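Beneath this line is the structure, given in structure tokens, with notes to follow.
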Amino acid sequence: MGIHGALDWTIRPAEKADAAALALVAQATFLEAYAALTNVEDMLAHAERYNSKPAFEAGFDDGAQLWIAEAKGTRAPLGFAMLTPSGFDNAQPGDIELRRIYVLDRCQGQGLAKALLDVVVAASAGHTRLMLGVNRDNERAQGFYRKHGFAIAGTRTFTVGATTYDDFIYAKPLDPA
């Protein structure tokens, strides 16, 4: 495809050796999502703490499951999903958290986020609910989650650098079988 056309992609389980590629797409997508909301100092502090290569390496060490979406041919990272035990205050036994599902803007609307979500749901077998947090102002993401069976299950605050945002907590019932 041309530089601005649709991309062919693959999804595979990520490994610790993918930490730099995961950090690259995490920082790019976070910038895309928060550029109009967050000052550069807060963005940089957040990127260093949560979206850096060492942060992803630590996530693997802590048992997070990650999948990376890559462009066919170049293996350039286009998106990823991260699954962890639920850290929400309102979590119940059997809950699991989709900590992140990030897809580059240019890949949105092409089925990549849905494909990543399908992988996460399959990996969540045996759990009763899949939970996630989303910025209250991110209507596009909220629409995506509602379309795929998520409903608001609470609220939380989320801090980026020194700025606090209000998030919705969404949950999707899972078949625990």
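Readers should treat all values here as calculations from the given coordinates under stated rules, not as data from a laboratory. No experiment lies behind these values; they were computed from the predicted model shown. Heads up, the Cβs are rebuilt from the backbone with ideal geometry, glycines too, and the neighbour counts pull from every protein chain shown.
Using C-alpha pairs under 8 Å with a sequence gap of at least 6, the mean separation divided by the residue count of the chain gives a relative contact order of 21 percent. Among the GluC sites (Glu not before Pro) in region 1-81, those located in a DSSP loop and surrounded by at most 13 other Cβ atoms within 10 Å of their own Cβ are GLU15.
Please label the shape of region 28-92 as rounded, prolate or oblate, based on the square roots a ≥ b ≥ c of the eigenvalues of the alpha-carbon gyration tensor (a/c under 1.5 means rounded; beyond that, a/b larger than b/c means prolate, else oblate).
oblate
Taken one residue at a time, the phi angles of region 118-131 give Karplus couplings (6.51, -1.76, 1.60, θ = phi - 60°) of 4, 5, 5, 4, 4, 6, 8, 3, x, 9, 9, 9, 9, 10 Hz. Gly and Pro are set to x.
Ranking of LYS114, LYS172 by neighbouring Cβ atoms within 10 Å, starting from the fewest: LYS114, LYS172. The largest-to-smallest principal axis extents of the Cα set in the chain are 44, 40, 33 Å.
Amide H contacts under 5 Å for GLU97: THR84, SER86, MET131, restricted to partners 5 or more places along the chain or on a different chain, H placed in the peptide plane at 1.01 Å from N. Using the Karplus relation 6.51 cos²θ - 1.76 cosθ + 1.60 with θ = phi - 60°, the per-residue 3J(HN,Hα) values for region 10-23 come to 10, 10, 9, x, 7, 10, 4, 5, 8, 4, 5, 5, 5, 4 Hz, with x marking Gly and Pro.
Between VAL40 and ARG140, the simple label model (points 7 Å from Cα in the Cβ direction) yields a spacing of 2.3 nm. Sorted fewest first by neighbouring Cβ atoms within 10 angstrom, LEU78, LEU117 come out as LEU117, LEU78. Taking other Cβ atoms within 10 Å as a rough exposure proxy, ASP118, ASP62 sort from fewest to most as ASP62, ASP118. Restricting attention to the chain, close to 90% of DSSP beta bridges with both partner residues there are antiparallel. What the phi angles of region 94-102 give under the Karplus curve with 6.51, -1.76 and 1.60, with θ = phi - 60°, is a coupling list of x, 7, 9, 10, 7, 5, 8, 9, 10 Hz, glycine and proline written as x.
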